[in-house]
Amino acid sequence: MTVHPRFADVTTIGVGGQIADFVQPETRDDFIGAVMTADDAGRPLCVLGGGSNLLASDEDFDGVVVRDARHTIAVQPLTDEQKRKDSRLVRISADAGVHWDDFVAYCVQHGYEGVEGLSGVPGTVGASVVQNIGAYGQEVATSVLSVETWDRETASCIELTPQQMRFGYRTSALKQSMYEAPAVPSDSYFPSPRYIVLSVTFGLHRAVSGVVDYAQLASALGVEVGAHMNIDQIRTMVLRIRAKKQMLEDPARYANPWMVGTTSSMPRHDEINDEDNSISRIRDRWSCGSFFINPILKVSAAATLPDDAPRFPTTLSDGGQGVKTSAAWLIDHAGFHRGYPLDTVPDATASLSTAHTLALTNRGHASAQDIARLAKTVQQGVFQAFGVKLVPEPVTIGIDLGWESRSVDERVDE
Ligand SMILES: Cc1cc2nc3c(=O)[nH]c(=O)nc-3n(C[C@H](O)[C@H](O)[C@H](O)COP(=O)(O)OP(=O)(O)OC[C@H]3O[C@@H](n4cnc5c(N)ncnc54)[C@H](O)[C@@H]3O)c2cc1C
């Protein structure tokens with residue numbers, strides 16, 4: 001009998017039920033074939049990367065999970081015109097299955113600037129463009145030249161341009177294809193998008209230094225925002241900051257037989273001052289990273305927030321003026337502090353991270369239901385305090401954290 005993993009084995013938060021069929025294609029044709037076979041049979045399909053942005057329910061998943069087992073990174077030739085326009089340009093492609101931080105490490109090692117600020121973000125190249133990962137002043141969108149995809153609608157391969165990808169804050173056309181409304185899954189494509197990423201081509205630059213574009217990073221490096229630093233130093237400092245905030249994966253997960261071989265270069269603990277190995281600290285990493293997206297509000301809604309709430313000008317999806325606020329601030333000021341509820345319930349199976357208010361963590365024996373219950377408590381508390389509906393960032397399979405089905409008073413719209 002073939003054995004398949006549970007979602008708990010292949011996700012960073014370590015919860016989730018048995019997967020009926022788990023396939024790891026090693027060629028491009030087999031990857032497309034696995035997706036087509038599932039779609040033709042009308043079976044639920046989840047294309048999985050590193051499982052770092054996924055919360056699956058404790059129920060069995062009666063469908064197919066496909067995880068790309070290809071790990072090739074290749075520098076591509078430039079046309080004469082590309083060389084003329086930008087003499088430092090490097091075109092570099094990576095299979096969807098490449099571990100994201102392996103890709104960043106490769107680029108930094110070879111002196112290709114453009115993604116060093118995204119060091120240590122868990123997951124794969126394929127998923128990086130689905131939610132347009134961002135951290136420490138960089139977003140993947142700014143480095144993407146094209147995305148090679150399998151279109152499940154037309155059963156054909158399509159190369160998407162950055163414009164067609166419609167990148168936005170933690171979103172893209174791919175992510176949008178999965179939802180009817182924030183956190184409300186589409187009937188057609190969920191939990192994976194209409195376009196399955198086969199590979200991504202990035203445009204980076206040959207340069208030993210990069211721009212430090214984030215205040216916290218600049219202060220840790222002892223430079224001004226906008227200063228140039230060696231990309232290797234930027235990478236090391238980003239990893240150190242992430243280690244301190246427990247926003248790295250628990251490297252021990254790669255000892256799980258279902259994860260072996262999916263990465264080649266986890267950073268060494270001593271290189272990044274990552275030496276606090278207490279159980280509590282390690283459990284802080286059993287998460288999906290930031291669990292809620294920073295809310296983007298209409299100007300009128302933002303005006304009802306307390307004066308000291310963070311406010312950053314932004315654009316609404318309809319092109320109007322909006323305000324981005326901080327989900328972490330709202331959660332903290334609604335009374336959910338780091339570690340909640342461990343101070344009153346020390347044996348809680350699910351809690352906020354003890355290092356970061358925005359991460360929901362599995363303290364060792366949590367079920368998906370425990371995580372979902374905590375998420376709803378926080379959503380409800382923030383709504384009651386500030387009238388803001390927090391939308392989860394992770395893809396939730398079999399767990400409803402949307403607002404459509406909830407009977408709450410709709411005071412403030414997004
Ligand atoms: C500790 C921690 C820290 C984090 N920090 C950050 C951060 O700083 N910034 C940030 O932006 N995110 C962060 N995240 C979230 C997460 O790392 C990213 O969202 C990441 O891109 C998810 O990649 P993945 O391969 O694990 O995706 P998965 O969780 O496996 O999948 C997520 C979604 O992408 C889809 N998907 C996966 N592969 C493909 C493919 N080939 N084609 C189409 N769809 C696909 C899946 O179907 C699913 O819908 C963090 C997470 C953790 C656990």
Report task. With a bin width of 5 angstrom, please list the P(r) values of the range 4-128 as percents of all Cα-Cα pairs, from the 0 bin to the one holding the largest distance. Result -> 2, 11, 17, 18, 16, 13, 9, 7, 4, 2, 1, 0
Report summary line: The alpha-carbon pair-distance distribution computed for the range 252-400, with 5 angstrom bins and whole-percent values, is 2, 9, 16, 18, 17, 14, 11, 8, 5, 1, 0
Requested in this report: Heavy atoms only, probe 1.4 angstrom, no DNA, RNA or ligands counted: give me ASP343, ASP151 ranked by accessible area, highest first.
Outcome: ASP343, ASP151
Report summary line: Interchain or sequence-distant (5+) residues whose placed amide H lies within less than 5 Å of the amide H of TYR136 are none
**Report entry** C-alpha center-to-center spacing [the range 64-112, the range 158-194] in angstrom
**Finding:** 23 Å
Report summary line: Counting only protein heavy atoms and leaving out ligands, DNA and RNA, the solvent-accessible surface of TRP329 at a 1.4 Å probe, in Å² to the nearest 10, equals 40 Å²
Query raised in the report: So for LYS245, LYS376, LYS175, what's the accessible-area order with a 1.4 Å probe, most first?
Result: LYS376, LYS245, LYS175
Query - Fully extended contour minus Cα-Cα distance, from ASP347 to ASP308, at 0.36 nm per residue - result: 10.7 nm
Query raised in the report: Does anything in the range 205-249 have its amide N under 15 Å from the 7 Å Cα→Cβ label point of SER87, and if so which residues?
Result: 206-207
Query raised in the report: So which GluC sites (Glu not before Pro) in the range 171-280 pass both tests, a DSSP loop state and at most 15 other Cβ atoms within 10 Å of the Cβ?
Result: GLU224, GLU275
Query raised in the report: Among ASP232, ASP58, what's the order by accessible area (1.4 angstrom probe), most exposed first?
Result: ASP232, ASP58
Query raised in the report: Under 5 Å between amide H atoms, partner at least 5 residues away or on a different chain: which partners does VAL391 have, H built in plane at 1.01 Å?
Result: ILE293
Query - Separation of the GLU159 and VAL3 label points, Cα + 7 Å toward Cβ, nm - result: 4.3 nm
Query - Rg ratio (alpha-carbon, reference 2.2 N^0.38 Å) - the chain - result: 0.96
Report summary line: Any residue on another chain or 5+ positions along whose placed amide H is under 5 Å from the amide H of PHE22 is listed here as VAL65
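Send over the Kirkwood Rh of the range 7-67, from the inverse of the averaged 1/r over different Cα pairs, rounded to one decimal Å.
11.8 Å
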Report summary line: Dividing the helical contributions, -39500 (n - 2.57) per DSSP H run of n ≥ 4, by the residues of the chain yields a 222 nm value, nearest 500 deg cm²/dmol, of -6500 deg cm²/dmol
Report summary line: Computed ³J(HN,Hα) along the range 297-310: with the Karplus parameters 6.51/-1.76/1.60, θ = phi - 60°, integer Hz and x for glycine or proline, the list is 10, 5, 4, 5, 5, 5, 5, 7, 6, x, 4, 8, 5, x
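The values are calculated or read from the model by the stated rules, or taken from the named source; none is laboratory data. Keep in mind that this is a model prediction, so the values were computed, not measured. Glycine also receives a Cβ, built like all others from the backbone with ideal geometry; neighbour counts cover every protein chain displayed. In case anyone asks, the SASA skips ligands and DNA or RNA and just uses the protein heavy atoms, side chains included. Shrake-Rupley method; radii C 1.70, N 1.55, O 1.52, S 1.80 Å.
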